[in-house]
1. Just wondering, is there one or more residues in segment 289-311 that are at pLDDT 95 or above, surrounded by fewer than 22 Cβ atoms within 10 Å (Cβ to Cβ), part of a strand (DSSP E or B) and assigned by TED's automatic domain parsing to the domain that holds residue 423?
2. Consider residue 335 carefully, then state whether it is over 19 Å from residue 597 (Cα atoms) and outside the structural domain of residue 225 (by TED's automatic domain parsing).
3. Out of segment 302-327, which residues are farther than 20 Å from residue 575 by Cβ and in contact with a helix residue (DSSP H, G or I) (Cβ under 7 Å, 6 or more places away or on another chain)?
4. Scanning segment 275-288 for residues that are touching a helix residue (DSSP H, G or I) at 6+ places or on another chain (Cβ under 7 Å) and either closer than 30 Å to residue 251 by Cβ or not assigned by TED's automatic domain parsing to the domain that holds residue 522 (or both), which turns out surrounded by the fewest Cβ atoms within 10 Å (Cβ to Cβ)?
5. Check 597, 558 and return the single one that is surrounded by fewer than 18 Cβ atoms within 10 Å (Cβ to Cβ), modelled with pLDDT under 90 and either assigned by TED's automatic domain parsing to the domain that holds residue 339 or on the phi < 0 side of the Ramachandran plot (or both).
6. Tell me, please, whether a residue that is assigned by TED's automatic domain parsing to the domain that holds residue 139, surrounded by 23 or more Cβ atoms within 10 Å (Cβ to Cβ) and part of a helix (DSSP H, G or I) can be found in segment 211-229.
7. Output the residues belonging to segment 12-36 that are closer than 22 Å to residue 93 by Cβ, within 31 Å of the chain's Cα centre (by Cα) and not in a loop (DSSP other than H, G, I, E, B).
8. On the phi < 0 side of the Ramachandran plot and part of a loop (DSSP other than H, G, I, E, B): which single residue out of 428, 373 fits that description?
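The values are calculated or read from the model by the stated rules, or taken from the named source; none is laboratory data. This is a predicted model, so every value here is computed, not measured. Cβ placement follows ideal geometry from the backbone for every residue including glycine, while neighbour counts extend to all protein chains displayed.
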């Protein structure tokens, strides 16, 4: 199974997703007879523009523009843009059939399920865009049926959304794209950057700071990712539902995900980042409306590094950002306390002009199968490496390296790359009343923390809380408690380790929709509750009179939760976490939404070619008329691969009345998607 893009008949770039290239159509082991020849076809079901029926080639063998360059490989130097299209079809195979019949072509097609087809070698020039842009570009068609009734089964409006927008002066509606398509498209664009050095991972940004919605004044010189509408004024593909922000974040930074998707919500990667914090409100409420699991303190007045997301057992858990799994555990659950399993990921976030290290902890995960056919991709990759020369420490409670440590149910020290949105595991259960009593709950404990503060004191969005410097888990920070209690004597008692506030008072504070907002923006420095150095004495009473009793109870408590602890000296050395076990903990939902805002600003910055000018007013109307006339003069060939007439265009006439993929229908062949009469 190949995951490579093909250039000059060589698999040159591994993009990490399945690619079915034209090579798979050929007779295996048979070489071409000569220049311009191809081996006999072995699999006619694989899309390839190198085989009949055709009356002429579907491609140009060389680029005239690139041939003028003084370079060892002029085609590689000549390609400077990727042109995005939608195909108007339920599947990419249908797109290929229509293009072949119309003697057009494209290099790449991304199906609705994320499967990538490459029916044309990247070395050849496809007939896909028109406007003189074919020679310096790669054509890429995204499966997009436009209308809900044309979508493949299970791939309609519910998954894609239905969108309306104004492009090149005309208003149109269409379906959007699937998560699988966005993931594959991002992988393809990154891969193409590795092949074509003059292609930039940028889109044309206009004076509004957004991706331009009209034809570019100088589209030939622009280097980057463009829509068909940027080249031909009578076009509107890939349509109003295309999420430029998501794609640009994916290729220029890091996509970000909440680890679970709550019912009735869209995950962070799927939402406009300018409203990320507003869209996160359901995630805030699910962590603050419950009985506990609050941030940054629990009802027992101890520090709590993360939040509890109450979702059904076996809910898929997604990786929050690109990074590496550095520590993990996979063992049997405790009958009374639940699952001690977790994954600890290490990430690099863009914070301002600097990169900062951030860790994400996903706790109370289901025990997973450790095998080549595991449901979890990173476990499959780990198993594929095999067991090396790692040795297990004699102490069964010490962390252990590699696959051997993971198989032996230790806290395993790992180094496995993972991508944002990748499946990390599944949720399980936990008894949050670890002091005694309580029942198992379906929950994910999600925390994010950093060795150093991500923003400077007084100079960033977060308030650094550093007034509790001891190793005890009880929160003694006045700056935290003054938000909850109002009586001076209560505040004094809290910071001295006594219990003047009832758990119900803490719960009432968080359950109020307005009060806990400030807690979402603290960066509290304290020890994690899962460290073997963290002290628990003060949870059982403060003061000299109770010191001996408190320590005895704390020892019993530690013995009970020992299998849940994971941060030991081995973890410190392996991860570069602080030796004093003190970290800055952030509300993970707030942090992800805030970083996503920054990623969006970075992604939408202009590329090396600067802010782009677009056609407007009379100039745009004139260009639309000229582009439509030029295409009509050519009989609609060589200039596009958009295949259907969209709803409400052509003065309301619906010329697209096809069933399924009947691409030979007269109405289908006559109309070009994305055209309208000049206003």
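1. no
2. yes
3. If the condition is that a residue be farther than 20 Å from residue 575 by Cβ and in contact with a helix residue (DSSP H, G or I) (Cβ under 7 Å, 6 or more places away or on another chain), then 302, 307, 308, 309, 310 are the ones that fit.
4. 277
5. Testing whether each residue is surrounded by fewer than 18 Cβ atoms within 10 Å (Cβ to Cβ), modelled with pLDDT under 90 and either assigned by TED's automatic domain parsing to the domain that holds residue 339 or on the phi < 0 side of the Ramachandran plot (or both) leaves just 558.
6. There is at least one residue in segment 211-229 that is assigned by TED's automatic domain parsing to the domain that holds residue 139, surrounded by 23 or more Cβ atoms within 10 Å (Cβ to Cβ) and part of a helix (DSSP H, G or I).
7. Correct list: 19, 20, 21, 22, 23, 24.
8. Of the residues listed, the single one that is on the phi < 0 side of the Ramachandran plot and part of a loop (DSSP other than H, G, I, E, B) is 373.
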